[in-house]
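Step one of this worksheet: look at the structure below.
A short reminder: the numbers here are calculations on the coordinates, not readings from a lab. This structure is a prediction, so every number in the text was calculated from the model and none was measured. Counting neighbours? That spans all protein chains shown, and the Cβs are built from the backbone with ideal geometry, glycine included.
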Amino acid sequence: MRLPDIWGQGALFAFSGMDGECRVYSCLNAHLLGDLLGVRIHARELFDLYVVLDGIKDIQYEAVASDVIKARLKDAQGMETPFLLTFLDQQTIVGLCGRGRVQLRSLRAINETRTEHGSVFVCGTSAFHFWRRDEGELTLFSFSLGDFAPVTREKVEALCAGRIAFFESFGPLCPKDEALALTFLKCISVMKSQVYTADGQFRQRWTTPNRLPHRWLWLWDSAFHSLGNFLLDETLPRDTLLSVLDVQREDGFIPHLARPSFTSDITQPPLLAWAAVKLYERTGDADFLRDIKNKLQKYLEWNIRNRRDPESGLFCWHVNTNSENCRADESGMDNSPRFDNVSVMECIDFSCFMLNEASAMARIDEVTGECSDRDWQKYASELKQAINGRLWDEKDGFYYDRVPGGDFHKVKSVASFLPLFCGAATEDNARVLSEKLKDASSFDTYLPLPSISRSDPSFDADMWRGAVWLNCNYMICEGLKKYGFTQQADEIIKKTVREVALYYLRDGVIYEMYDPDGRVSPRCIRRKGRPIEPYDPRVRYQAIRDYGWTSALYCAMISENKELFM
């Protein structure tokens, strides 16, 4: 089985909480360099750990994964030497290479003390230990936040072999197409890298979108992560969702972002009950639903009390009117033009998510045999009626957001297809939406589905102003199948999967968003500002590389649609 073996600048390199203790403030995070064979380590200071390539004429990679790199370097005389890089633990990177080739450089001039064991770099209260030892034609080395970490060749080889063996169990799950299979394994690797262990208010493992630059937990990201990370470990999705619920306030509120000792004061799209039901459908674990049911209900009741328009019964995101590029962080669609020049809207996506959660809660009541305080099926029916009565524009044949007591806010966005996902659309409306998804001038782009219609004046392919996001494609395809448009959904899924694979093979990374026209690499897409080179998320966030929900949903699309890929 061929392993993921594509080198990509900015690809994540990090220790996984699946292999041992991994805490957000204690672990090393790194990404692959673009101009050197090595990694940039992001700790309190920045270090480049790399191999000098003088005299090397070829590099043959066997594995380039999130926690292990294995390659052979060939010189002009045809002599080969190995290169291995992996983790001993959350604080220690270890490796081996040709004699004398390993180098470490600090990106700032900080104090270095050389000892008989190696070099110590001190910055404030932090010390970084670089150890190396020549052994025949090889050099063994380690970089650690702890003390010096001497390793043997046998230890480094055993660690790498174990990390590589992790992929063997996924062979039967891989698509038959090699490009898709390589990308599938790469996504497995990315998901593994984004697992932390219990820490602070998180009582079990939890996941983050990408470790660099996003190091924390996000609400709707975690729901999407759970759809794919069940492939890694059947208990991981449960841990992922439980950790989101760990940060719930007593009044039911769940923050959009949480750290081990911090929570934000806005929320995010409610998808937890839906994700929990999808997990139940895979595992049959009704006890898990029973354990979390009251917390799920409390969260939805908080939204009803605090985000529901009392007149229409529809839901309104908190809008940050002081921000230009992130007016609706609560919606997850940070810079969407839907929120330009408005302060309050009855929102089609929020209302659809709440309808979807109400239906999921009704399913949880059915599975557990326990009735909730609210009749969720009845509530879902009422909300469906409100969505169709208030947010469907008969003239345009489209769902829009609406200013309370006023007119439609006519921005044609991907959010307007979520009535398919939650089952709000009437059969007639669903047919109209299906046809609009086939319109090449709006949503049927080279890579569907753009977050904003190509025909809309606000289309810009800048993040949520036109770029394609896998979470939207996943939800809308699920909705299309619900209404019987299976072939149409299958075509969108196949195009989505192949585009992710195309840019993994070209760039070596899994991106957070993609160009609807397929003309440029996502690294060239605007993200609240023009992209720059070289890639450095400290300078400017660009299309994030090795992104969590893209990886999770790529794997979910394949595993849930085996007939398309196996």
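Between A165 and V403, the C-beta separation translates, for a Förster distance of 45 Å, into a calculated FRET efficiency of about 0.20. In this structure, the amide hydrogen of F315, modeled 1.01 Å from its nitrogen in the peptide plane, lies closer than 5 angstrom to those of D309, C347, S351, counting only residues at least 5 positions away or on a different chain. Relative to the current alpha-carbon distance between Y541 and D291, full extension at 0.36 nm per residue lengthens the span by 86.2 nm.
Arranged from fewest to most other beta-carbon atoms within 10 Å of their beta carbon, M1, M18, M333 become M1, M18, M333. Ignoring lysines fewer than eight residues from K186 along the same chain, the ones with Cα atoms less than 28 angstrom from its Cα are K57, K70, K74, K155, K176, K278, K481, K494, K495, K528, K562. Each Lys or Arg adds one and each Asp or Glu subtracts one; over the other residues with Cβ under 13 Å from the Cβ of V414, this totals +1.
Applying 1/(1 + (r/R0)^6) with R0 = 56 Å to the Cβ-Cβ distance of K57 and D375 gives a FRET efficiency near 0.20. 3J(HN,Hα) along segment 467-480: 5, 9, 10, 5, 5, 5, 4, 4, 5, 5, 5, 4, x, 4 Hz, from the Karplus curve 6.51 cos²θ - 1.76 cosθ + 1.60 with θ = phi - 60°, whole Hz, x for Gly and Pro. With a Förster radius of 60 Å applied to the beta-carbon distance between S441 and L173, the computed FRET efficiency rounds to 0.95. Based on Cα contacts under 8 Å between residues 6+ apart, the chain shows a relative contact order of 12 percent. Each principal axis of the Cα cloud of segment 12-168 was taken in turn, and the coordinate range along them, longest first, works out to 46, 36, 28 Å. Spacing of the modelled spin labels on E563 and E394, each 7 Å from Cα toward Cβ, amounts to 3.8 nm.
A run of the chain free of exposed loop cleavage sites, with GluC sites (Glu not before Pro) counted only in DSSP states other than H, G, I, E and B and at most 13 other beta carbons within 10 Å, reaches its longest extent at 395-566. Among the trypsin sites (Lys or Arg not before Pro) within segment 147-246, those in coil by DSSP and having at most 12 neighbouring Cβ atoms inside 10 Å are K176. Counting Lys and Arg as +1 and Asp and Glu as -1 over every other residue whose Cβ lies under 11 Å from the Cβ of L36, the net charge comes to 0. When the trypsin sites (Lys or Arg not before Pro) in segment 13-46 are filtered for DSSP coil states and for at most 16 other beta-carbon atoms within 10 Å of their beta-carbon, the remaining sites are R23, R44. The residues packed around I188, meaning those with a beta-carbon under 15 Å from its beta-carbon, carry a net charge of -3 if Lys and Arg are +1 and Asp and Glu are -1.
Compared with the dominant principal axis of the Cα atoms in the chain, helix 219-229 is inclined by about 70°. Centre-to-centre separation between the Cα atoms of segment 286-304 and those of segment 469-537: 32 Å.
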